[in-house]
1. Please go through segment 367-422 and give me each residue that is assigned to a helix (DSSP H, G or I), surrounded by fewer than 14 Cβ atoms within 10 Å (Cβ to Cβ) and polar (S, T, N, Q), ordered by number.
2. I need the helices (runs of 4 or more DSSP H) fully contained in segment 162-279, keeping only those with at least 1 residues that are touching a Phe, Trp or Tyr at 6+ places or on another chain (Cβ under 6 Å) and at pLDDT 95 or above.
3. Residue by residue through segment 128-146, note down the ones that are more than 19 Å from Ser217 (Cα to Cα), in a helix (DSSP H, G or I) and touching a helix residue (DSSP H, G or I) at 6+ places or on another chain (Cβ under 6 Å).
4. So for segment 323-338 (the condition being within 24 Å of Ser455 (Cα to Cα), surrounded by 15 or more Cβ atoms within 10 Å (Cβ to Cβ) and of a type in the set (Ser, Thr, Tyr)), does at least one residue qualify?
5. Quick check on my filter: what residues within segment 57-75 are in a loop (DSSP other than H, G, I, E, B) and within 13 Å of the chain's Cα centre (by Cα)?
6. Please work out which residue is surrounded by the most Cβ atoms within 10 Å (Cβ to Cβ), limiting yourself to segment 475-519 and to residues that are of a type in the set (A, V, I, L, M) and not in a helix (DSSP H, G or I).
7. Answer yes if at least one residue in segment 127-140 is farther than 30 Å from Ser479 by Cα and in contact with a Pro (Cβ under 9 Å, 6 or more places away or on another chain), and no otherwise.
8. Among what's in segment 440-457 and is in a loop (DSSP other than H, G, I, E, B) and in contact with a helix residue (DSSP H, G or I) (Cβ under 7 Å, 6 or more places away or on another chain), pick the residue that is surrounded by the most Cβ atoms within 10 Å (Cβ to Cβ).
Amino acid sequence: MKAQSRRSRLMAMATALSVAGVLALSACGASDDESSQSTKKALVISLDSAVDVMDPQQWRTPASMVTSGSLVEQVIEQGYSKTGGVQVGGTDFNEALAEKWEYSKDGKTLTITLRDDLTFADGSPLTADDVVWSYQRGLEMATAYTKVLYPMVGLTKDSFIAVDPGTVEVTSEFGTPLLDKMLAMQPFGIFSKKAGEEHATSDDPWAGEWFRENNNSSGPYTVGAFDKTTSVQLTPNAKYYDQDKIANGGVTIQFISDPSQRALLLRNGEIDLAGGLPLDQVAELSKVDGLSVVSEASNRLEYLGLNTGKAPFDDKRVRRAISLALPYQTFVDEVLYGYADPASGLVSQSMETHAADSAAAFKTDLAEAEKLLAEAGVQGFSTTLSYKQSSAVEARAAVYIQSALKDLGIDVQVKPLPDAEFTQRTVARDLEMYLNNFLAWGADPFYQMASLAGSGAGTNFTNYANPALDKLLQQGFRSMEQADRDAISAEAQALLIEEMPTIPLWNPKWTYVVRDGVTGLTKDNTEQLRLQYLSKS
């Protein structure tokens, strides 16, 4: 057991009135249970998207992820440490719904003992049957994206048994430290089996449609009000197992698509926190009295993908040459306004097993790049660099890449694609070069490397396949000793630098702008903002 213009003014006023209305409704409808939170202040925040789905096992927007993570609790939770004003989730874990969790000596069998007297928000008991049903749902529901996670930790549909109402047994095909990381993620949160069965249909046996917009919460909040066009109001769950963990009187997430409006409302004090703001606006807001920027290192990786199935990108010398021509620090300074770290490998700097010497490979060395192209017999060529039309950051980066590669004799046509087409073509693996980003949930290095470079991985869009790398990654997944994981990861990282199918560019920082008096920003190791720890003075 291992024991966070005039038209603009009118729009801002309308949004502020909407916020006030939601909060007033909340106050009028408060129950006796909710009144225990009355001394804690409620917050109003706005992120970079609206909430479309509340089910943590289905595809959803970033704001939906923040919401769904507040409506389920896991059997175990991440440990947090404070870094620069932010509580950061790590790779140590504590009990949550579980009173204890214990592994067998070979690491293949996990026994979870639940706390006594757990309930869902409606007061119905939360038992081992709910845990087993939730885990099976994530694997078997047709619309669950989580099914791709289970093979990484050796789980199958037969892995879960309710031994008795308070005990769950989980059996894996192999021991892996990644299992704890998975079980602490929100997709492994606990659903109400009773609610699921009541709303299941023959076409939807896991009640996927019902849980998209409804819940019977096991987490710190319930949904007080929800309007797809304006906001969602989260109220403290009076049945949550640990009331002391809820540091506020509720959180309303306003859906404000225009980032300039979010910034204006923040300046005016109508919202307490904003995320997803353009970084040039973040830089300006950092100078405003009463506001501050909270920015923390992230494992999210922006990268340049190269189609290794097409010449000349099938030659690793060409790929390496391109990597040596890129202006890594310029990306950080000019494209990200300083709110990023230069990438130093597929395994991000803040991720466990990061090889400290890998950063040296990501430097600008035009002479060495020219030498490698000459060795490959390549004397210039034309290609296309694609990126998502919606990304202003990638649009700016593409211009710098185009200019840098021109110095190597490579003529780059920059091509923004509608987001749907970009996704379709990356999945089809027919783009020559493309900009994209990725985040390995759980901050696991082998998950990250396997997802971006593993043979046949669903998110490896480069056509790269290397049996030697695959073997290392499987060894890493199954290694229980940290020293072994460090050594295997270092070898895999060195191989990826030599092969360079994917060129890491930068790690964008986890960044929010908050009003003075807002504290408790918490980033879990899936990079989600955990609302229950937010507070306001």
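The values are calculated or read from the model by the stated rules, or taken from the named source; none is laboratory data. Since the structure is predicted, the reported quantities are computational estimates derived from the model, not experimental observations. Using ideal geometry, Cβ is built from the backbone for each residue, glycine included, and neighbour counts are taken over all protein chains shown.
1. Within segment 367-422, Ser403 is the sole residue that qualifies.
2. Working: elements: 178-183, 193-198, 208-213, 259-267.
Here the list reads 178-183, 193-198.
3. Let us first name the residues in segment 128-146 that are more than 19 Å from Ser217 (Cα to Cα), namely 139-143, 145-146.
Checking which are in a helix (DSSP H, G or I) leaves us with 139-140, 145-146.
The answer is Leu139, Thr146.
4. Yes, segment 323-338 contains at least one residue that is within 24 Å of Ser455 (Cα to Cα), surrounded by 15 or more Cβ atoms within 10 Å (Cβ to Cβ) and of a type in the set (Ser, Thr, Tyr).
5. Within segment 57-75, the first condition is being in a loop (DSSP other than H, G, I, E, B), and the residues that meet it are 57, 59-61, 69-75.
Scanning segment 57-75 gives Trp59, Arg60, Thr61, Gly69.
6. Initial filter on segment 475-519 (of a type in the set (A, V, I, L, M)): 480, 483, 487-488, 490, 492, 494-497, 500, 503, 505, 513-514, 518.
From what is left, the residues that are not in a helix (DSSP H, G or I) are 480, 500, 503, 505, 513-514, 518.
On the way: Met480: 13, Met500: 24, Ile503: 21, Leu505: 28, Val513: 25, Val514: 25, Val518: 22.
Applying the filter and picking the extreme gives Leu505.
7. yes
8. Initially, segment 440-457 is screened for residues in a loop (DSSP other than H, G, I, E, B), giving 440-444, 454-457.
Pick out the ones that are also in contact with a helix residue (DSSP H, G or I) (Cβ under 7 Å, 6 or more places away or on another chain) and you get 440, 442, 444, 454-455, 457.
On the way: Ala440: 26, Gly442: 26, Asp444: 28, Gly454: 20, Ser455: 14, Ala457: 18.
Filtering first and then ranking leaves Asp444.
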